[in-house]
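This report refers to the structure that appears directly beneath it.
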Amino acid sequence: MHTTTLHKELESLRPALLRFALLQLRDSTLADDVVQEALIAVLEKPDRFAGQSSLRTYVTGIMKFKIIDTLRAAGRTRQFLVADDQSEDDVIDALFAANGHTIDKPHPWGNPDAALEQKDFFRVMEICLEKLPSNTARIFLMREWLELETDEICQELAISTSNAWVMLYRARVRLRACLELNWFGNLPASQAR
């Protein structure tokens, strides 16, 4: 299918897909996100649509998995009501007590050495990194995988040291939450201890 034709057909399907997602999720923002992710998945790999079903059936099938993932994640995450005047920092601060300790203790991650040996862990880690804002993911990879010093990172990205540490902190918090939901939360109880 030609790219322009595909774009037009997907755009015409969008309202119906949005209604379907909204029925399932009952949250317009989440529904819009799920529809966007499904449409992007089709646009990124258009040759995967073999034409064995209608385009609507194909996209709905992709979207169903995204809805399931969203529902599972919503069941495991603590919802925060964010007011218009609240910043991301305020939301992150809500996770910690006055003494700096986390309010909710992290779930046991099992044996980290064994988890690192599993190839699926790296697949999930990569997905979690992709969900980070690009600059946040970049600074995390520079620090943790490339093992660059903070000064080198700051010079490369033209940012201050305090900005670098804030970005690294946010990356770690988000990666931890993502891995707990998508990796460590899915381990059998015998492995999670």
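The values are calculated or read from the model by the stated rules, or taken from the named source; none is laboratory data. Keep in mind the model is a prediction, meaning the values are calculated, not measured. All Cβ positions, even for glycine, are placed from backbone atoms using ideal geometry, and neighbour counts span all protein chains on display.
Taking the stated definitions as given, is residue 125 assigned to a helix (DSSP H, G or I), aliphatic (A, V, I, L, M) and without any contact (Cβ under 8 Å) to a residue 40 or more places away in the chain?
When the stated conditions are applied, residue 125 does not pass them.
Starting from segment 55-79, take each residue that is more than 17 Å from residue 178 (Cβ to Cβ) and list its partners that are part of a loop (DSSP other than H, G, I, E, B) and at pLDDT 80 or above, counting only C-beta distances under 6 angstrom and pairs at least six apart or across chains.
Note: no pairs meet the criteria.
Criterion first (modelled with pLDDT of 70 or more, under 19 Å from residue 181 (Cα atoms) and surrounded by fewer than 10 Cβ atoms within 10 Å (Cβ to Cβ)) does residue 103 satisfy it?
Yes; evaluated as a whole, the condition is true for this residue.
Only residues that are modelled with pLDDT of 85 or more and surrounded by 14 or more Cβ atoms within 10 Å (Cβ to Cβ): list them for segment 8-26, please.
Listed by number, the residues that qualify are 9, 10, 13, 14, 17, 18.
Across segment 64-89, which residue is modelled with the highest pLDDT among those that are more than 20 Å from the chain's Cα centre (by Cα) and either among the hydrophobic types (A, V, I, L, M, F, W, C) or surrounded by 10 or more Cβ atoms within 10 Å (Cβ to Cβ) (or both)?
86
Going through segment 133-151 one residue at a time, which ones are touching a helix residue (DSSP H, G or I) at 6+ places or on another chain (Cβ under 8 Å) and farther than 14 Å from residue 172 by Cα?
Selection gives 148, 150, 151.
For the subset of segment 117-143 comprising residues that are surrounded by 11 or more Cβ atoms within 10 Å (Cβ to Cβ) and more than 19 Å from the chain's Cα centre (by Cα), which member is nearest to residue 73 (Cα to Cα)?
Filtering segment 117-143 for residues that are surrounded by 11 or more Cβ atoms within 10 Å (Cβ to Cβ) and more than 19 Å from the chain's Cα centre (by Cα), the one nearest to residue 73 (Cα to Cα) comes out as 118.
Which condition number does residue 162 fail, the rest of (1) more than 26 Å from residue 93 (Cβ to Cβ); (2) surrounded by fewer than 16 Cβ atoms within 10 Å (Cβ to Cβ) being met?
Among (1) more than 26 Å from residue 93 (Cβ to Cβ); (2) surrounded by fewer than 16 Cβ atoms within 10 Å (Cβ to Cβ), the lone unmet condition for residue 162 is (1).
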